[in-house]
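Asker: The following block contains the structure, expressed as structure tokens.
We did not get these values from a lab; they are worked out from the coordinates using the rules stated. For clarity, every value in this text was computed on a predicted model and none was experimentally measured. A quick note on method: Cβ atoms are made from the backbone with ideal geometry, for glycine too, and the neighbour counts reach across all protein chains shown.
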Amino acid sequence: MNAFIQSTSTLKNAVFRKTRNNQFTNICAQISSPQPYINSKQIKEVREKYRIHEKDTGSSEYQIAALSVRIAYMTAHIKKNPKDFSSTRGLIAMVSARKKLLKYLRSQSKERFLNICVNLKIRIQKDLQ
């Protein structure tokens, strides 16, 4: 416990660290939250925004919003790791699931469909608008 307290006080005092080639790096950037944690927080925020009522977990808008955040995260991951074929397969599955939900929502309510596409910046074909 004492070692942890000393290391945190050292981190508070030292903001920059010198690297091998005499460049300074920010320690705060190195100890920032991991990306999957940030992604889960974004998913929770979007789900709170798009749910219709208090106990909503299955509405089309709710699912489309959550899938859109997950798709954005996986797209960034695949750009960094182009040979990760299993993640690419998962991304394709998420995109097709979102596409089916958008198709269903368009058939039920065109206004809700257009609203969610505009808010989440989802590209749609001109003939579908």
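Asker: If each of Leu114 and Lys44 carries a label point 7 Å out from its Cα toward its Cβ, how far apart are those two points in nm?
Answerer: 3.5
Asker: Pick out, from Gln125, Leu101, Leu114, the residue whose Cα sits farthest towards the positive end of the charge dipole of segment 32-129, with +1 on the Cβ of Lys and Arg and -1 on the Cβ of Asp and Glu.
Answerer: Comparing the listed Cα positions along the dipole, Gln125 ranks first.
Asker: Mind listing the long-range amide H neighbours of Arg51? Cut-off is under 5 Å, sequence gap 5 or more, other chains count too, H placed in the peptide plane at 1.01 Å from N.
Answerer: Sorted by chain and number, the residues that satisfy this come to none at all.
Asker: I'd like the per residue volume of the convex hull spanned by the Cα atoms of segment 53-129, given in cubic angstrom.
Answerer: Numbers: hull volume 8.1 nm³, N = 77.
Spelled out: Cα convex hull of segment 53-129, divided by residues, is 105 Å³.
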